[in-house]
Amino acid sequence: MRATTKNSLRQIRHQLGSLLGVMIIVGVAVGFYATLKTSAETYSSVGESYFARYHMPSAILYGSDFSPDDLQKVEKVSGASTAELRATVDARRGNDTLRLQSYDIHDPRVNVPYIYNGQAPRTADECLLLKRYAAANNVHVGDKVAVSTNSFTDSCTVTGLATSPEHAYLAKNAATPIADPADFGILYVDNRFAERNHVPFSQIALLMSDMGKLGDVERALGNDQIYRTVKQADIYSYDAFHSDVGQFNLFAYIFPLIFLIISAVVIYVSQRRNVLRDRRQIGIMKAMGLTHVEILWHYLLYALAIVVGGALLGVLLAMIAVPLLIDEFSVMLDVPGFGFNLPAVNILVPVALALLVCLFSTFVAVRSAVRIQPAEAMHAEKPQSGHDIWLQRLTFWRWLSFNTRYSLKSALRNRGRFAAMVVGMIATITLLTFSLGLRDSFTSVTMTYFDKVAAYDLRVNFAPRPLAETPDWLSSIADSSEKALSIPGKLASAAHTEDLALFISDKPFAMHHLTGASGQTPDVGDGIVLPRFYANRLGVKAGDDLRVYTQDKSLDGHVRVTGLTEQMMGFNAIMTFATAERLGLKTPVYNTLLVTTKGDANSAKKTVERKPGVDSVSSRPEEKASIEKFTGMFNLYIIILVGFSIVLGIATLYSISTISLLARQYEFILLRVMGYSRGDILRAYTKELLLQAVIAVPIGAVLGYLITLFAAGDFATDSIAFKADIHPATYLYAALILIGVLIYVLITAARQLRRQNLVQGLKSREE
């Protein structure tokens, strides 16, 4: 056993290049799994602990103006362990928006602020400011913050910088699922601050010991008090948090699995070559009395070396990548207490799987060789048959150049070696297409909405007013406008119920350029038009009946689904005022204006938000800019994935090509002796690589698209959905990157050809 071990170590030294290539593949697989799995577990444990400790609401009830009496009604319901009244309103601080959220500073019980710096407020003139907003705007503890709405102007002294469970993800509205803390933040004020400024208490935040009793809470308040209930799972921060954890877990399995499959192929090809090369040596070892196990151990050491080296590399990668990834996503997710801890199990699991894969590949490659008799092994293996390939029977064959004929013969006579290279290329293209396709899909969804769907510049919200009434300021800023009633609604099919905003307008597609699968604008008629994303959730299609109602039952009835839109964000269920009246709407009113402005949208926004009666104004250009900032952070994630894909490609193709070139060394020497130049041989090898690429690129592109299609569903939230929408240029970029990798392979082949010694090569073969 000692002799075979020494011999194995000697051979490992001689094959160090190919071994390092496979080691990198295994190391990346181990590191990728450890990084993403650890990140997912860290997110999950720290996030869930934070949500529980600081009391993420079990549910939030929305109404017009709750009173302390309403709170008492809720607290009497068995199963409602804690309830808290709170007021919220969007206010201005210069050009920024600060969302005021009130709470009882002396007895915070639900969505309790976590204070990073400073201390809790003690009076109604003190407040907490969102830490991320403060950092972006150079606000410190002790500073005074002045805010204003159309109904009041007030100020408070910042005693601490904080965050809270509901605002772990800073969402401004449905169109801006990730807000920019440079111009949007949260100001936590005492309830008395809201009372003195006459801000209505429009929310009751609940902690439920029994969510089954939520219906009892709603009945205790009465349907006329509540217009919407949001459960914990639907609170944006909670939903987005779990979506991220799911994405980490998904990628933790997809990428390492591909990497390990490739490593299995490479190891098999390598070990198969080693066995064929060592045929006589195996015969000698068997003649000396070595057992099958001892001979097998000789080759298993190669696989063990790969796993050990890959494990060490994987640990190093994970130790570097985990804190970087957590820091990057902490930009979006504001959850205190993230720390770096790499559990041993997240290393042991991929290492154990890599060990099984490597040992199995080696066993399959070696098992037939160790069974041959010593006398048979002592003789050289019969040379591969030089029979003609089927292409040679075709007329055009004689018109082909030498290097073209050689590359085709090599491909068809050495199918295993050829297939291994194709598999490596397929894996590279698949991962590149998937990585770049994620970026394309996200960009497609967001930019399609802002550039094509949303045809308005401003969305103005205010208290309901009669349709016949038009604000006197509208004509001065608007080129065109649309009046609409936007209210929370519920859609119920036979199988499911979904919460979705109802957008009621007589010209619903004037400012929302929505289309169906055919590219045509659907006809809403006397029915309802749904986003296909929500129609799939409900299990309905065009022509089906659907119950539509509001929580206070001001609207309640059945309508026909008259059309589906391909809307992927800013979701609304669309109907006309006539349909709404049929469902119970007593008085046609509107609370939303969609406006195209005469001049700059952001300047118009500043003008409108100071008008009496205006509750909030959102600017499409500002929302688009915020999304683009988030896209920049998302692109960093994509760059990491692309980097891993390139590493995989280089390591895989270098390893396989190195093994292939070593196996064909004698073949190349004979060609040189026959008078063919290095250039002829290199051109033949180049054509073989191109043939492999022609096969691999379309297969890899299709697989990349399918994986992107599969992964898209995991990125979906209630506010935004994804679809696989890969730009044609992405396939070109993936192919160009592969070509770059192949150029590196060709350079390696050229170097090997230059180093060949014809005389020595012929002598070693004869021996």
Output the pairs from Lys144/Lys598; Lys76/Lys553; Lys172/Lys723 with a Cα-Cα distance over 27 Å in this structure; if there are none, say none. Lys144/Lys598
Using the Cα centre of region 88-196 as the reference point, and only Cβ charges (+1 on K/R, -1 on D/E), how large is the resulting charge dipole? Debye, rounded to the nearest 20. 100 debye
Output the peptides 694-702, 138-146, 620-628 sorted from most to least packed, where packing is the average of other Cβ atoms within 10 Å over each peptide's residues. 620-628, 694-702, 138-146
For the ranges 107-114, 122-129, what's the packing order if you count other beta-carbon atoms within 10 Å of each residue, average per peptide, and put the highest first? 122-129, 107-114
With a/c under 1.5 counting as rounded, go ahead and sort region 88-196 into rounded, prolate or oblate using the C-alpha gyration tensor (a ≥ b ≥ c being the square roots of the eigenvalues; past the cut-off, prolate if a/b is larger than b/c, else oblate). rounded
Place the peptides 517-523, 541-547, 502-508 in order of packing, highest mean first, counting for every residue the other Cβ atoms within 10 Å and averaging per peptide. 502-508, 541-547, 517-523
Which entries in the list Lys483/Lys507; Lys131/Lys624; Lys131/Lys606; Lys37/Lys231; Lys452/Lys483 go over 18 Å, if you measure between the two C-alpha atoms of each? Lys131/Lys624; Lys131/Lys606; Lys37/Lys231; Lys452/Lys483
As a footprinting exposure proxy, order His106, His242 by other Cβ within 10 Å, with the fewest listed first. His106, His242
Work from the charge dipole of region 468-587 (Cβ charges, +1 for Lys and Arg, -1 for Asp and Glu, about the Cα centre) and give the residue of Gly519, Ile574, Val540 farthest towards its positive end. Val540
Can you tell me how region 192-331 classifies by the Cα gyration tensor, rounded, prolate or oblate, using a/c under 1.5 as the rounded cut? prolate
Amide H within-cut-off set for Ala162, under 5 Å, with H built and near neighbours excluded: Tyr116, Leu129, Leu130, Lys131
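Counting other C-beta atoms within 10 Å, which of Arg415, Arg439, Arg280, Arg132 has the fewest, and how do the rest follow?
Final ranking by Cβ density, sparse to dense: Arg415, Arg280, Arg439, Arg132.
Quick note: the coordinates plus some simple rules give every number you see, no bench work behind them. In this text the structure is predicted, and so the values were computed from the model without any measurement. Cβ atoms come from the backbone with ideal geometry, glycine included; neighbour counts cover every protein chain shown.
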